[in-house]
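*Asks:* The following block contains the structure, expressed as structure tokens.
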Amino acid sequence: MAELAALEDPRIRAVNENHGDDHGVNLGKLRALAKRLKTQHELARELWATADTAARLLATLICRPKAFERDELDAMLREARTPKVHDWLVNYVVKKSPHAEALRLAWSADPDPVVASAGWALTTERVAKRPDGLDLDGLLDVIEAELKGAPDRLQWAMNSCLAQIGIEHAGHRARAVAIGERLEVLKDYPTPPGCTSPFAPAWIAEMVRRQAGRPAPV
């Protein structure tokens, strides 16, 4: 904790707080610390218990994901209220857990939109890597009905799933694009030059273009 405190940078904290993250530690330095510590599961538990955001981020990097029980991961996600901790917990820990599928199903139906967004993030992972058994038409039905009015973080996760369906599954691409065009979610999202827009039709078109090896439009 003393090392993390020494890494605190007020300028980084100011930037992070604009995104809802209450820490001021450079993530490159945090990763370097994790690399030095290597896997230390009990230390990770202790760091998580502090409720400090930087400590929890470090915990996700040095824990042993398969050592957590399902109920433990569920409780941790509900405690992870800052975006970065939430994202790292889902991506670095839950996705590697044997309980990922059970949690995906439970979280997707949760009334808490932040918890539900984790379920959709896990669904997006399955859409891309393990789609067998998924009802893609059913997912598109839910997205079509609920995306427009979803709270921000849930909307972002559902939109990512919509885009991934369109990118990875040619048979569902036209419908995914049509849903995105009709709902116009994130259509006007400010996108820096050289970055891909999160607007699903544009995102799908760009990724399909890259997969085909075609040149970018001028």
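The values are calculated or read from the model by the stated rules, or taken from the named source; none is laboratory data. For clarity, every value in this text was computed on a predicted model and none was experimentally measured. Cβ atoms come from the backbone with ideal geometry, glycine included; neighbour counts cover every protein chain shown. SASA here: full protein model, heavy atoms, side chains in, ligands and nucleic acids out. Shrake-Rupley method; radii C 1.70, N 1.55, O 1.52, S 1.80 Å.
*Asks:* Each residue of the stretch 78-88 in turn: what ³J(HN,Hα) in whole Hz from Karplus with 6.51, -1.76, 1.60 and θ = phi - 60°, glycine and Pro shown as x?
*Replies:* For the stretch 78-88, the Karplus-derived couplings read 5, 7, 7, 8, 8, x, 5, 4, 4, 5, 5 Hz, x marking Gly and Pro.
*Asks:* Right, here's the next one. Heavy-atom accessible area per residue, the chain, 1.4 Å probe: how many Å²?
*Replies:* 53
*Asks:* Around residue 24, which amide H atoms from residues at least 5 apart in sequence, or from another chain, sit under 5 Å from its own amide H, with H modelled in the peptide plane?
*Replies:* Counting only residues 5 or more places away or on other chains, the set is 9.
*Asks:* With point charges of +1 on the Cβ of Lys and Arg and -1 on the Cβ of Asp and Glu, referenced to the Cα centre of the chain, which listed residue (111, 150, 171) lies farthest in the positive direction of the dipole?
*Replies:* My answer, from the dipole projection, is 171.
*Asks:* Picking from 75, 193, 4, whose Cα lies most toward the positive end of the charge dipole for the chain (charges on Cβ: Lys, Arg +1; Asp, Glu -1)?
*Replies:* The residue sitting farthest along the positive end of the dipole is 193.
*Asks:* Still on this structure: As an exercise, identify the GluC sites (Glu not before Pro) in the stretch 34-88 lying in DSSP coil whose Cβ has no more than 16 other Cβ atoms within 10 Å.
*Replies:* Of the GluC sites (Glu not before Pro), the ones in loops of the stretch 34-88 whose Cβ has at most 16 other Cβ atoms within 10 Å are 69.
*Asks:* Under a Cβ-only charge scheme (Lys and Arg +1, Asp and Glu -1), can you give me the dipole magnitude of the stretch 31-78 about the Cα centre, in debye to the nearest 20?
*Replies:* Its charge dipole is roughly 380 debye.
*Asks:* Magnitude of the Cβ-charge dipole of the chain, K/R +1 and D/E -1, about the Cα centre, nearest 20 debye?
*Replies:* 960
*Asks:* Pick out, from 162, 27, 50, the residue whose Cα sits farthest towards the positive end of the charge dipole of the chain, with +1 on the Cβ of Lys and Arg and -1 on the Cβ of Asp and Glu.
*Replies:* Final value for the positive-end residue is 27.
*Asks:* Treating the beta-carbon of each Lys and Arg as +1 and of each Asp and Glu as -1, no other charges, what is the dipole magnitude of the stretch 94-162 about its Cα centre, to the nearest 20 debye?
*Replies:* Magnitude of the dipole: close to 400 debye.
*Asks:* Within the accessible area of the chain, what % is carbon and sulfur when the probe is 1.4 Å and the other protein chains stay in place?
*Replies:* Carbon-and-sulfur percentage of accessible area, whole number: 54.
*Asks:* Okay, moving on. Of the trypsin sites (Lys or Arg not before Pro) in the stretch 1-88, which ones lie in a loop per DSSP and count no more than 15 other C-beta atoms within 10 Å?
*Replies:* On the way: sites: 11, 13, 29, 31, 35, 36, 38, 45, 56, 66, 70, 78, 81, 84; in loops: 38, 81.
Sites meeting the loop and neighbour criteria: 38, 81.
*Asks:* Restricting to DSSP loop positions (anything but H, G, I, E, B) with no more than 13 other Cβ atoms inside 10 Å of their own Cβ, which GluC sites (Glu not before Pro) remain in the stretch 128-195?
*Replies:* 184
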